[in-house]
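Novice: One structure coming up, written as structure tokens, with questions to follow.
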Amino acid sequence: MTSPVYVAIDTPDLAKAQHLAGQVRHHVGGLKLGLEFFCANGHHGVHEMTKFGLPIFLDLKLHDIPNTVAKAVQALHMLEPAILTVHAAGGRAMLEDAKAAAGVNTKVVAVTVLTSLDDGDLSDIGVAANAPDQVRRLADLAQDAGLDGIVCSGEEVAMAKKAWADGFFVVPGVRPAGGAMGDQKRAVTPRQALDNGASILVVGRPISLADDPDLAARAIEATL
Ligand SMILES: O=c1ccn([C@@H]2O[C@H](COP(=O)(O)O)[C@@H](O)[C@H]2O)c(=O)[nH]1
């Protein structure tokens with residue numbers, strides 16, 4: 001069975017990224033490349049990472065006016081990412097245009113409320129709703145706009161899936177029991193996230209900072 005775990009390769013160093021992917025490739029289901037990696041290595045770096053034969057999740061969290069996002073999505077076409085992220089807060093038109101601009105084999109998923117935010121952080125940026133209510137609102141918007149799914153925490157995914165049965169649910173910010181939270185504020189264990197309805201899990205530092213990343217990936221796999 002293919003692992004639901006996508007390892008977050010958060011480094012600007014291509015050689016380090018390749019080393020980590022090589023270590024864990026047999027115990028993860030895909031490679032997630034984010035802003036840090038893409039800003040440093042661009043298309044060339046992504047091409048290099050495709051050589052591991054795993055699906056590529058391009059987590060660029062695009063957020064701009066509709067025309068700009070659509071053009072950016074078109075400029076990523078040739079990389080054929082399996083998954084691409086945009087921010088749901090960009091609004092309906094931006095979401096629709098992003099989906100229309102994506103290749104047929106790319107799932108476009110909308111980030112709802114970052115897992116590093118809690119209700120206090122939402123209040124600071126002028127959002128009166130709590131995290132679950134805001135996730136629900138943005139999940140509805142993403143579904144209406146024709147996206148493939150959303151990114152949310154493991155705390156909200158069951159609620160979101162209940163309203164969108166065939167949605168694709170990406171859950172980052174997962175932590176093995178007792179693991180260091182770092183900057184994550186709405187974290188659950190990998191097992192809980194899957195039980196709650198996650199389609200895939202994103203795991204970064206619990207694997208990448210481990211003394212033995214492959215062992216860490218296998219230990220997570222064993223809990224699923
Ligand atoms: O809400 C979100 C959206 C994306 N992420 C990304 O997932 C990984 C998590 O890394 P950890 O080291 O496991 O915390 C990282 O690349 C984030 O950019 C997220 O955490 N939360």
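The values are calculated or read from the model by the stated rules, or taken from the named source; none is laboratory data. Quick caveat, the model's predicted, so the values are computed rather than measured. Here the Cβ is made from the backbone with ideal geometry for all residues, glycine too, and neighbour counts use every protein chain on show. SASA here: full protein model, heavy atoms, side chains in, ligands and nucleic acids out. Shrake-Rupley method; radii C 1.70, N 1.55, O 1.52, S 1.80 Å.
Novice: For the stretch 12-40, which residues satisfy the criterion of being within 16 Å of PRO55 (Cβ to Cβ) and either at pLDDT below 95 or assigned to a loop (DSSP other than H, G, I, E, B) (or both)?
Specialist: Selection gives ARG25, HIS26, HIS27, VAL28, GLY29.
Novice: Return yes when VAL157 is within 27 Å of HIS27 (Cβ to Cβ), out of contact with any Lys or Arg (no Cβ under 9 Å at 6 or more places or on another chain), without any contact (Cβ under 8 Å) to a residue 60 or more places away in the chain and surrounded by 17 or more Cβ atoms within 10 Å (Cβ to Cβ) and no when it is not.
Specialist: Yes; evaluated as a whole, the condition is true for this residue.
Novice: Would you check which residues across the stretch 106-138 are under 17 Å from ALA198 (Cα atoms) and away from the ligand (no atom under 13 Å from the Cβ) and list them?
Specialist: LYS107, VAL108, PRO132, ARG136
Novice: Any residue in the stretch 194-205 that's without any contact (Cβ under 8 Å) to a residue 12 or more places away in the chain and open to solvent by 10 Å² or more (accessible area, probe 1.4 Å): show its pairings with residues that are aliphatic (A, V, I, L, M) and more than 9 Å from the ligand (Cβ to nearest atom) at Cβ separation under 9 Å, as long as the two are six or more apart or on different chains.
Specialist: Partner pairs satisfying both residue conditions: ASP195/ALA158.
Novice: All but one of (1) open to solvent by 70 Å² or more (accessible area, probe 1.4 Å); (2) more than 14 Å from the ligand (Cβ to nearest atom); (3) modelled with pLDDT of 95 or more hold for LEU147, so report the exception by its number.
Specialist: Tallying (1) open to solvent by 70 Å² or more (accessible area, probe 1.4 Å); (2) more than 14 Å from the ligand (Cβ to nearest atom); (3) modelled with pLDDT of 95 or more, LEU147 fails exactly one: (1).
Novice: Right, something else. Could you give me the residue pairs with C-beta distances under 7 Å whose first residue belongs to the stretch 31-43 and is among the β-branched types (Val, Ile, Thr), whose second residue is modelled with pLDDT of 95 or more wherever it lies, and which are 6+ apart or on separate chains?
Specialist: none
Novice: A further question follows. Name the one entry in ALA98, ALA110 that is outside any strand (DSSP E or B), crowded, with 21+ Cβ neighbours inside 10 Å and out of contact with any Phe, Trp or Tyr (no Cβ under 7 Å at 6 or more places or on another chain). Steps first, please.
Specialist: On the way: ALA110 fails: outside any strand (DSSP E or B).
Exactly one of ALA98, ALA110 is outside any strand (DSSP E or B), crowded, with 21+ Cβ neighbours inside 10 Å and out of contact with any Phe, Trp or Tyr (no Cβ under 7 Å at 6 or more places or on another chain), namely ALA98.
Novice: Moving on. In the set ARG218, ARG186, ARG191, which member is part of a helix (DSSP H, G or I), of a type in the set (D, E, K, R) and touching a residue at least 40 places away in the same chain (Cβ under 8 Å)? Please lay out each step first, then the result.
Specialist: Details: ARG186 fails: part of a helix (DSSP H, G or I); ARG191 fails: touching a residue at least 40 places away in the same chain (Cβ under 8 Å).
Step by step, each of ARG218, ARG186, ARG191 is checked, and only ARG218 is part of a helix (DSSP H, G or I), of a type in the set (D, E, K, R) and touching a residue at least 40 places away in the same chain (Cβ under 8 Å).
Novice: Scan GLY197, GLY178 and give me the residue that is more than 12 Å from the ligand (Cβ to nearest atom), assigned to a loop (DSSP other than H, G, I, E, B) and modelled with pLDDT of 95 or more.
Specialist: GLY197
Novice: Counting just the residues of the stretch 1-30 that are without any contact (Cβ under 8 Å) to a residue 60 or more places away in the chain and not aliphatic (A, V, I, L, M), which one comes out nearest to the ligand (Cβ to nearest atom)?
Specialist: Among them, the one singled out is PRO12.
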